[in-house]
Structure formats: C-alpha cells, structure tokens
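Data block below; observations after.
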Amino acid sequence: MKPFVIFLISLFITLTIRGVFAFEIVKTPTNKNSLAPNLCSFGNHFALSWIERNTDGEARLQMATWNGSEFDEIRLIAKSKGMFANWADIPSLVEAPSGDLYAHWLNRIGNETYAYGIQIERSIDHGKSWQSLGWLHNDTSATEHGFVSLIPENRHVRAFWLDGRQMKKPTGKMMLRTAILDGNKIKSENMLDDDVCTCCPTGAIQLPSGSAVVYRDRLPQEVRDISLVHLKNDAWSKPCRIQKDNWVMPGCPVNGPSIATNGNIIAVSRFTVINNKAKIILRLFKDGKAESGEEIILDENVPVGRCVTVCSENAVYNIWIGDDKKQTVLRMAEVSLSGKIKRKITLVPIDKDRSSGMPRAIFSNNYLWVSWTGSNQVRLGRLKANIETGD
C-alpha cells in the first residue's frame, strides 16, 4: 500500500477517534411513548424538552437540562388530557434575557382534529416550577393555532405563530401573527401576513436591526415559496420571498424553513421543488439583504426535507432528512461562512414516515446536538465541531 494512502487511512481513524466524524448517540431521560423533542440554549449549556403520553390519555410536557456531562432531573412544565401531541407542530422552550424561561404547548379548543390553541408557561426559577399565562393569542375560536417560534428580543421574548381564526369562514385564510411575552404579560399582538401555508413550521431569529421570521407563504396560483418578514425601526416589513422558486403546491407540504445567525451572516435553509425536482437549498446573506444572498444546493437526491439550521462562529450546519443508498437518514452539511461546502455526511438512519418528527439542533460547547424521534422514543446525538476554522 502506498505511504500516502496509509497516511489518509491513519488520519481518518485518528479523526474518528477524536470525534470529528463520529456521530455519538447520547442517552436521554425520556421514556417510550415520547415525541416532539426540541432544544434551546440554557445558561452555559442547553435544555431538552419533549412530550410523553400516558396510557390514561394524559400528555406531559417535560424538560431536562444538560450540565456538561449528563442530564439533570426531569422537570414538569405542563400536563393535560387535552394536550395536542403531534409529530410536526411541537412545543418549544426559550430563555429570556432576564433568565426567565418560557414554554409553549398546544391545547385543544374544540372537537375538530385541528382545533387547538397555544398555551404559554413561564418559570422564574430555572424550570423548577411553572406558571400558566394562558392563551398566546386573543382568539379562542375552534381553529388551528400553532407552529410557534419563540426568540429572545431585547429585554423580552417575541412569539410568532400560524393563526387560523379567519378559517371559520369558507374563504378564510391562515395568518402569520406575532406578540410579545414580557414578564407575566402577553401583549402587542399583530398580524404580519394574511395568507400563509397552513401547517409548515416557522423559524425566527433576533438581528441587530430587529427580529426576523421565515415561513412558507401562500401566493396566488398556490405558489408555496419561503418568505421573510423583518422588524426594523419599530415597523414590520412587507413579506419578501427569499427566492422565487415558484413551487406550485395545492396543499401544505408540512415542510417549513429554518433560519440562524452568528451575528455576521444569516442562513436560511428550505425544502423546495424546482422544475419538478426536490431540493434542499441553503441561502447565506447579510442583515437585511436576503434578495442578494448566495444559494448553495445541499441535496437533490429526493430529500424528504424538514430542515434545521444552526450557526457556530465559523460555520453553518444544516440537518435534514435525506436518502443514502436508498435508506432514509439524517444528513448534515457543514458550510463555511463564504458558502463552501466543507463536508456532507450521514448521521444516522431514520424513519421516513411522520414518526421521526421534526429534527431539531443546537450548537453548544463545540458540539452540534441533534434531536429526533425514533422507535417511538426521543433520540439525541452529537457531533464534534470541525477543528478547522478557515475556508
């Protein structure tokens, strides 16, 4: 064997041992019949939230914090026999600038399958106890309210969600709405877009110029492209398409965008169909300049989608459900800040159907953490960040 080949094999083994390429499965405190995992920054580490369903029909939203080596004890956020436990519309948790925690979960409003609303919980003692703040929205009609994004904004928390109150009417449309969580108050509710896709997850970030939200829009002739709305100078922008894919889709694909930033660049990932070909595309741009961004195609091999994107100081990480040798898997692409694909790898096999849920990810302490649902239980894995920092 040639010396150079031996060197490459040795280097690969060394990097794998160091965890550069190895995706490590991490034990979670979840049980069977758990689903809807989510991750959020919390203190110096992160918190995992999830739903567990009991045999008596009660569902429990729970959380546990990672302390650097393992998870601390499980904390109960909320429980209800009316909790809407769903593979796509999942609860979330966020730490406010004050240190308070806010969580959202979905509670049934009526007897219709998708008649549910958004309940908000607040903790002022790091998740040990929780106070209900009630409905996020000022409407309690028996229609769909969900697909929430919670982000820190200045000294409070900003919420975005899809709101179906107008869908009581035969010609009613799904809306995108927003409100502020400030202490124990929910205030400043506004409508941002009056016609959006009915059941695709949203994504949001805080920028120096103001908060921004991405979502799947619903345009004339049933075009389902990704749009962005941005708060700047205390005013919301009009919806702006990230890119004119012109994907015509008569129904909701349940496949929303993801947005992340490291302060220097903004990254938006999306599943789309262009000329009858499914794609995963990452778009990189500067604050307020989405129309001039760079497009990086990550996958054209019949991907399922369900993207999630996170940023480190030196790179952008994108995770999605894709195909590897005719097997459904979680895929990951690491992209430099200049748009160069540094590596694309398969993380783990995953169920292709809805039982795998919505993958979620977070970057914490030089690890990329990824959650999903597998074999009827919440799963978690981590990948060591690339030791390289350049392009």
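Computed from the coordinates by the stated procedures, all read-outs in this text should not be read as laboratory data. Being a predicted model, the structure only gives us computed values, none of them experimental. For neighbour counting, all protein chains shown are included, and Cβ atoms are generated from backbone atoms with ideal geometry for every residue, glycine included.
Restricting the trypsin sites (Lys or Arg not before Pro) of the range 219-249 to loop positions (DSSP other than H, G, I, E, B) with no more than 11 neighbouring Cβ atoms within 10 Å leaves Lys244. If a spin label sat at a point 7 angstrom from the Cα of Lys81 along the line to its beta carbon, the backbone N atoms of the range 104-126 nearer than 20 Å would be those of 106-117, 119. Taking each of Lys279/Lys352; Lys340/Lys384; Lys289/Lys340; Lys81/Lys173; Lys32/Lys79 in turn, the alpha-carbon distance tops 21 angstrom for Lys81/Lys173. Charges were assigned to the Cβ only: +1 to each Lys and Arg, -1 to each Asp and Glu. The resulting dipole of the range 265-335 about its Cα centre is roughly 260 debye.
From the helices alone, meaning DSSP H stretches of at least four residues, give me the mean residue ellipticity at 222 nm for the chain, per-run term -39500 (n - 2.57), in deg cm²/dmol to the nearest 500.
Numbers: 1 runs with 15 residues, N = 391.
So the calculated ellipticity at 222 nm is -1500 deg cm²/dmol.
Shown here are the Rg and Dmax of the Cα trace of the chain, at 20.4, 73 Å.
With a simple spin-label model that places each label point 7 Å from the Cα along the Cα-to-Cβ direction, the separation between Lys232 and Asp194 comes to 2.4 nm.
Extent along the principal axes, Cα only, for the range 321-376: 37, 28, 13 Å, with the longest axis given first. With the convex hull drawn over the C-alpha atoms of the range 124-207, the volume per residue is 112 Å³.
Against the chain, whose longest principal axis comes from its Cα atoms, helix 3-17 is set at around 30 degrees. Taking the average, over residues, of other Cβ atoms within 10 Å as the packing measure, peptides 172-181, 313-322 rank 313-322, 172-181 from highest down. Based on alpha-carbon atoms, the Kirkwood radius and the radius of gyration of the range 281-350 give Rg/Rh equal to 0.99.
Rounded to the nearest 20, the Cβ-based charge dipole of the chain about its Cα centre (Lys and Arg +1, Asp and Glu -1) stands at 580 debye. Rounded to the nearest 20, the size of the Cβ-charge dipole of the range 263-389 about its Cα centre is 240 debye, with Lys and Arg at +1 and Asp and Glu at -1. If R0 equals 51 Å, the separation of the Cβ atoms of Asp324 and Asn111 corresponds to a calculated FRET efficiency of about 0.75.
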